[in-house]
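Please read the structure below before turning to the comments.
The values are calculated or read from the model by the stated rules, or taken from the named source; none is laboratory data. Predicted, not measured: the structure shown is a model, and the values here were computed from it. Here the Cβ positions follow ideal geometry from the backbone for every residue, glycine too, while neighbour counts run over all protein chains shown. Side chains included, ligands, DNA and RNA excluded: accessible areas come from the protein's heavy atoms. Shrake-Rupley method; radii C 1.70, N 1.55, O 1.52, S 1.80 Å.
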Amino acid sequence: QRSENKELNFLKKKIKHNEIFIDIGAYIGMYSLNLANLNSKYKKIKVISIEPNHISFKRLKENFDLLKINNKYIKNNYSLENIAITDRNGLSSIDISENYANSKIIKKKNNKNFLIKKKKLNDIILKHKITSIFCIKIDTEGFEYKILNNFFKNLKKNLFPKYLIVEHNNSIKYSATD
């Protein structure tokens, strides 16, 4: 069992006014909510949370709605995306049969998965008109290399994130992704 406390405390100390945090594979928002809650009268932090699993995404949205009740400065400083980030745009099947936290893109469709829109990370950067990135946290159940390889090879240096947190799963069952 790993603890994200060290990473979260580090990010919370380092993030500054007007910086952007991108959470790929946000699940229910542990990283996103912690950083979004730093918004105040004197500090504006933009959080982009991306989660492909529609069930987890619904919970993520509910968690942000609850947080907005206690922190009015969050209101316009976050964006939620119910899509998968991959190395190409289109549609894919996503499998949630193991559990909601470990949903993954798969090659073959069956009755335990559903279709999801997928986009390249560069397209999200363009959509949100991002000019600099504080940190990207990525947890995509074995798809991290393909996403990051595509992202960095087509990226201007000014968009390289200051920090990158990669949660990588070496399990063989995640090697057969799309």
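Working only within segment 85-114, note down all residues that are in contact with a Lys or Arg (Cβ under 7 Å, 6 or more places away or on another chain) and either at pLDDT below 70 or in a helix (DSSP H, G or I) (or both).
Answer for segment 85-114, where residues must be in contact with a Lys or Arg (Cβ under 7 Å, 6 or more places away or on another chain) and either at pLDDT below 70 or in a helix (DSSP H, G or I) (or both): just SER97.
Just give me the residues in segment 38-79 being closer than 15 Å to ILE138 by Cα and outside any loop (DSSP other than H, G, I, E, B), in sequence order.
The answer is VAL47, ILE48, SER49, ILE50.
Filter segment 43-84 down to the residues that are at pLDDT 95 or above and of a type in the set (Lys, Arg) and list them by number.
Once the filter is applied, which keeps residues that are at pLDDT 95 or above and of a type in the set (Lys, Arg), segment 43-84 yields LYS43, LYS44, LYS46, LYS58, ARG59, LYS61, LYS68, LYS72.
Which condition number in (1) in a helix (DSSP H, G or I); (2) exposed (fewer than 14 other Cβ atoms within 10 Å of the Cβ); (3) not hydroxyl-bearing (Ser, Thr, Tyr) is the one that PHE151 fails?
(2)
For segment 115-138, which residues satisfy the criterion of being open to solvent by 30 Å² or more (accessible area, probe 1.4 Å) and assigned to a strand (DSSP E or B)?
Passing the criteria: LEU115, LYS117, LYS119, LYS120.
When you look at LYS16, is it closer than 19 Å to ILE130 by Cα, more than 18 Å from the chain's Cα centre (by Cα), at pLDDT 95 or above and not in a strand (DSSP E or B), yes or no?
Numbers: closer than 19 Å to ILE130 by Cα: yes; more than 18 Å from the chain's Cα centre (by Cα): yes; at pLDDT 95 or above: yes; not in a strand (DSSP E or B): yes.
Criteria met by LYS16.
Taking the conditions exactly as written (open to solvent by less than 60 Å² (accessible area, probe 1.4 Å) and either farther than 14 Å from ILE165 by Cβ or in contact (Cβ under 8 Å) with a residue 24 or more places away in the chain (or both)), does LEU35 satisfy them or not? Step through it out loud before you land on a result.
On the way: open to solvent by less than 60 Å² (accessible area, probe 1.4 Å): yes; either farther than 14 Å from ILE165 by Cβ or in contact (Cβ under 8 Å) with a residue 24 or more places away in the chain (or both): yes.
Yes, satisfied.
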